[in-house]
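To keep things clear, I will list the structure first and then write my remarks on it.
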Amino acid sequence: MTFYNTDMQYRVTLDTKLNLFIVFDKKNANHFATGITIEQAVQELNKTA
């Protein structure tokens, strides 16, 4: 799934073994963050941007 935020575009996947959402920056796949919720993962991604 691809979501659009006013600040960035990102892609979300769910790791079902770890039960974590992984959010990837759409422009740079090496820039990613994880979280228990999508919102938490996006906040972590924004912190490292």
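The values are calculated or read from the model by the stated rules, or taken from the named source; none is laboratory data. Computed from a prediction, not measured in an experiment: that's the story for all the values here. Here the Cβ is made from the backbone with ideal geometry for all residues, glycine too, and neighbour counts use every protein chain on show. Only protein heavy atoms, including side chains, enter the accessible area calculation; ligands, DNA and RNA are left aside. Shrake-Rupley method; radii C 1.70, N 1.55, O 1.52, S 1.80 Å.
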Neighbours by Cβ (under 8 Å, 6+ apart or cross-chain): first from the stretch 24-37, over 13 Å from THR48 (Cα atoms) and basic (Lys, Arg); second in a strand (DSSP E or B) and open to solvent by less than 60 Å² (accessible area, probe 1.4 Å): LYS26/TYR10
Filter result for THR6 (at pLDDT below 90, among the β-branched types (Val, Ile, Thr), surrounded by fewer than 13 Cβ atoms within 10 Å (Cβ to Cβ) and more than 10 Å from the chain's Cα centre (by Cα)): yes
Residue count for the stretch 30-44, restricted to those that are assigned to a helix (DSSP H, G or I) and closer than 14 Å to THR13 by Cβ: 3
Qualifying position, being at pLDDT below 95, open to solvent by 60 Å² or more (accessible area, probe 1.4 Å) and in a helix (DSSP H, G or I), among LYS47, LYS27: LYS47
